[in-house]
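The values are calculated or read from the model by the stated rules, or taken from the named source; none is laboratory data. Just so it is clear, the model here is predicted, and its values are computed rather than measured. Virtual Cβ from ideal backbone geometry, glycine too; neighbours counted across all protein chains shown.
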Amino acid sequence: MYIHRVGVVGAGTMGNGITHVLARSGYHVVLCDVEQRFLDRALETIGKNLDREVAKSKITAADKATAMGRIQLVVDRGKLSDCDFVVEAATEKFAIKTEIFRDLDRICPPEIILASNTSSISITKLAALTKRPEKVIGMHFFNPVPVMKLVEVIRGLATAQPTFETVRDLALKLEKTPVEVNDAPGFVSNRVLMPLLNEAMYTVMEGVATPEAVDEVFKLGMAHPMGPLTLADFIGLDVCLDIMRVLLDGLGDPKYRPCPLLIKMVDAGWLGRKSGRGFYKY
Ligand code: 3HC
């Protein structure tokens, strides 16, 4: 199916990154969120991130202006009705995604694919909320979206082959590398990554080492670009906690229990880089 106009639901870190790469690759994007101020903040971030690419001569100032001009900001979800493809990148809570998927199913024509950038929630469950389960799929980008090459493409139980192929081809057009996985809690990426971050938090909680020392171990010993606690702050501690809860709930194994220190920090509003404080201060 020909895709020209893409709807993005959610203007947070992932939604603005997805909008950035879509607009830079020539797609018209209708970015939707519940309040205008979230949309304005997203557009400002996209402008700054495109400036980095201009500064590095990856794109020209004219390319930036053209990309920015392809982005339409809307608070009315009904305006997604003429999009050829919609990707949801809202908060990682099943109740919120339930409301959005039911609404999108009502708003968008039945042939339109509804993708979710969820980092761990079941695609099969999201699909079952709609009358088009064969057209629901996971399209999981990685932060920072303009930089990271991976898109995890997740097949729900009912996802049809043409739906998979459309999303795989779209990822390739965005100059990403799609990797196919089946639906399971946390998919592959977060099933493996989050327990690592969670375990790193236990070592800090138990006084085994400082956050700085834990991060040095992974940067220098394993060549990770960021240590696990810097990465947790970068992803958002609330997001890490939500994903650990999905793993614990979905896999039922106590090895996935969220670290008490993580819970306490989220309770305190220490959400990492976005709130100015997490394992580090920003
Ligand atoms: N937009 C555009 N470009 C960006 C950017 C952004 N938001 N952030 C960084 N960049 C560019 C920089 O301009 C720079 O470009 P260059 O290579 O042409 O010079 C390049 O990316 C590297 O950036 P910096 O030089 O500023 O900094 P670093 O070399 O320290 O790299 C990093 C930053 C790319 C974030 C690197 O530290 C890294 O790869 N970290 C790990 C990130 C990671 O693991 N992400 C996955 C998180 S998990 C996830 O998202 C899944 C979810 O479900 C939880």
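Among the residues of segment 105-127, those that are in a helix (DSSP H, G or I) and either of a type in the set (D, E, K, R) or closer than 30 Å to Leu50 by Cα (or both) comprise Asp105, Arg106, Lys125. Listed by first and then second residue, the pairs with beta-carbon distance under 9 Å, at least 6 apart or on different chains, first residue in segment 172-187 and of a type in the set (Lys, Arg), second part of a strand (DSSP E or B), are Lys176/Leu150; Lys176/Val151. Residues that are within 16 Å of the ligand (Cβ to nearest atom) and in contact with an Asp or Glu (Cβ under 8 Å, 6 or more places away or on another chain) within segment 150-172 comprise Val153, Ile154, listed in sequence order. Right, Lys264: away from the ligand (no atom under 16 Å from the Cβ) and over 30 Å from Val21 (Cα atoms) or not? Judged against the criteria, Lys264 is a match.
Among the residues of segment 128-176, those identified as outside any helix (DSSP H, G or I), buried (at least 20 other Cβ atoms within 10 Å of the Cβ), touching a strand residue (DSSP E or B) at 6+ places or on another chain (Cβ under 9 Å) and β-branched (Val, Ile, Thr) are Val136, Ile137, Val151, Val153, Ile154, Thr159. Being at pLDDT 95 or above and within 11 Å of the ligand (Cβ to nearest atom) is a description that applies to Phe142.
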